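Reviewing the structure listed below.
Quick note: the coordinates plus some simple rules give every number you see, no bench work behind them. Here the structure is a predicted model, which is why all the values come from computation and not from measurement. Here Cβ is always computed from backbone atoms with ideal geometry, including for glycine, and neighbour counts include all displayed protein chains.
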């Protein structure tokens, strides 16, 4: 296995998925790429003044940095972070599918994140990945 892709939005469920992915990477001796998908539709629909891409990227990178820092010592695993942008009707799932197709051998996500429907058993991103990813997908509760 060459790479594990993990999506995060900073939620506790996503953090559990990241922990699982790092432990799996230790077993497989492969790197983990942690992705935060910036969904520009949110800014277009709900905000009067859209922040700059630099501001959004800095905030997204902060979420990634906190997620990795919360893992504790991961010096034995190659953990890389990446902010990606999306502006289509499928939102962050598009980014995760693209990352999986381009570079992943395994995709890991939580069952649900910080989206609008928090009570759902499985989120829209994990649901879409399960149906359309060209590699194995692990969904962590």
> Among bridges DSSP assigns within the chain, what percent are antiparallel (round to 5)?
Replying inline: 0 percent
> Taking other Cβ within 10 Å of each residue's Cβ, how do 49, 35 sort, fewest first?
Replying inline: 49, 35
>> For the chain, take the convex hull of the Cα atoms, compute a quarter of its surface area, and give me that in nm², please.
In response: 8.1 nm²
